[in-house]
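Scroll down for the structure; my scribbles are underneath it.
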Amino acid sequence: MKVLIVGHFNETAQSKITGYFPQDWNVIIVPPGQDMLHHIEDCQVLIPEHIQVDPSLLASAKKLKLVQTGAGYDNVDIPACTQLGIWVANAAGVNTGRGRAGNGTNAGLL
């Protein structure tokens, strides 16, 4: 499973984030830009942080199955994802302190 996390994270945060995933998963954390475009080609899960998930980005994501957002869907073109058969999920309750136990469940379903 290849998970692409796009955002600005320091090394400490990156280490903590990758620690939450199974060791045999390929978790890539990159800032927005060219490197992101290289990795999106073969990822199954995209976790976008402040980037637009639109038809032009999705056109490069040939193996994408799930877009997992934080609190909302503002940056995701849900109709475009739906048309391509890509699931979109958010981390309900992420900003309320509730819902922590289920945040990794969606990726586990794949």
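The values are calculated or read from the model by the stated rules, or taken from the named source; none is laboratory data. The model shown is predicted, which means the values in this text are computed figures rather than measured ones. Counting neighbours? That spans all protein chains shown, and the Cβs are built from the backbone with ideal geometry, glycine included. For the accessible areas, the whole protein counts, side chains as well, though only heavy atoms, and no ligand, DNA or RNA atoms are used. Shrake-Rupley method; radii C 1.70, N 1.55, O 1.52, S 1.80 Å.
Things worth noting here:
- Hits in the range 14-67 - residues which are under 20 Å from ASN90 (Cα atoms), open to solvent by 20 Å² or more (accessible area, probe 1.4 Å) and in a strand (DSSP E or B): VAL27, ILE28, ILE29, ILE47
- Selection status of ILE5, surrounded by 13 or more Cβ atoms within 10 Å (Cβ to Cβ) and modelled with pLDDT of 95 or more: yes
- Annotation: of all residues in the range 70-88 being touching an Asp or Glu at 6+ places or on another chain (Cβ under 9 Å) and in a loop (DSSP other than H, G, I, E, B), the one that is most open to solvent (accessible area, probe 1.4 Å) is ASP77.
- Pick from the range 36-46, criterion modelled with pLDDT under 95 and of a type in the set (A, V, I, L, M, F, W, C), ranking: nearest to GLY85 (Cα to Cα): ILE40
- Residue within the range 2-14 that is of a type in the set (Lys, Arg) and under 26 Å from GLN83 (Cα atoms) present: yes
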